[in-house]
Amino acid sequence: MRHRGIGILITALATSPLAASGGEESIHLIEKHKKCGDLSSSSSIEGCFLQVYEESDRYLNKEFNELIAYLNGLDEKMHKQHFILAQKTWVKFRDLDCNFYSDGQPIRLNICLSERTIQRLKELEDFNTPYAMGCNGCPW
């Protein structure tokens, strides 16, 4: 069972709170992520996780820009500055954490990057819901 770790990671992602609810994009990407582990060769698995990561990163940027557009409309510019700093810090953390986790193995790096990015995408999708925009006590 050469890819046992992949199955464990996919199972953990599928049963995490991330899979419970959220935006359409993150749910779609979780399903794609799960299917990557069903592929037969290491190179196809690695490529699949890379594709999921790249797609989740594109959607993450879309959600980021939507939230920035909302924050631009607020009087308090500090919210926007805090969010931008938080996002930059999160990207650094994700990259360092995944580099540590992968230990130089590209397949593990792609798994980690895709998982972490989908998780963050889910958070931004939740921030961008109509009921959350402008609410008191929201994280932004």
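Values computed for the structure shown
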quantity: ASP75, sole failed condition from (1) in a helix (DSSP H, G or I); (2) over 15 Å from ARG120 (Cα atoms); calculated: (1)
quantity: In the stretch 114-136, residue modelled with the highest pLDDT [restricted to those that are over 8 Å from the mean Cα position of the chain (by Cα) and of a type in the set (A, V, I, L, M)]; calculated: LEU124
quantity: Restricting the stretch 97-113 to residues that are of a type outside the set (D, E, K, R) and either more than 14 Å from the chain's Cα centre (by Cα) or at pLDDT below 95 (or both), the residue that is surrounded by the most Cβ atoms within 10 Å (Cβ to Cβ); calculated: ILE107
quantity: Any chance SER40 is small (Gly, Ala, Ser), more than 11 Å from the chain's Cα centre (by Cα), assigned to a helix (DSSP H, G or I) and surrounded by fewer than 18 Cβ atoms within 10 Å (Cβ to Cβ); calculated: no
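The values are calculated or read from the model by the stated rules, or taken from the named source; none is laboratory data. Fair warning: this is a prediction, and the values are worked out from it, not measured in the lab. In this analysis, Cβ positions are derived from the backbone assuming ideal geometry, glycine residues included, and neighbour counts consider all displayed protein chains.
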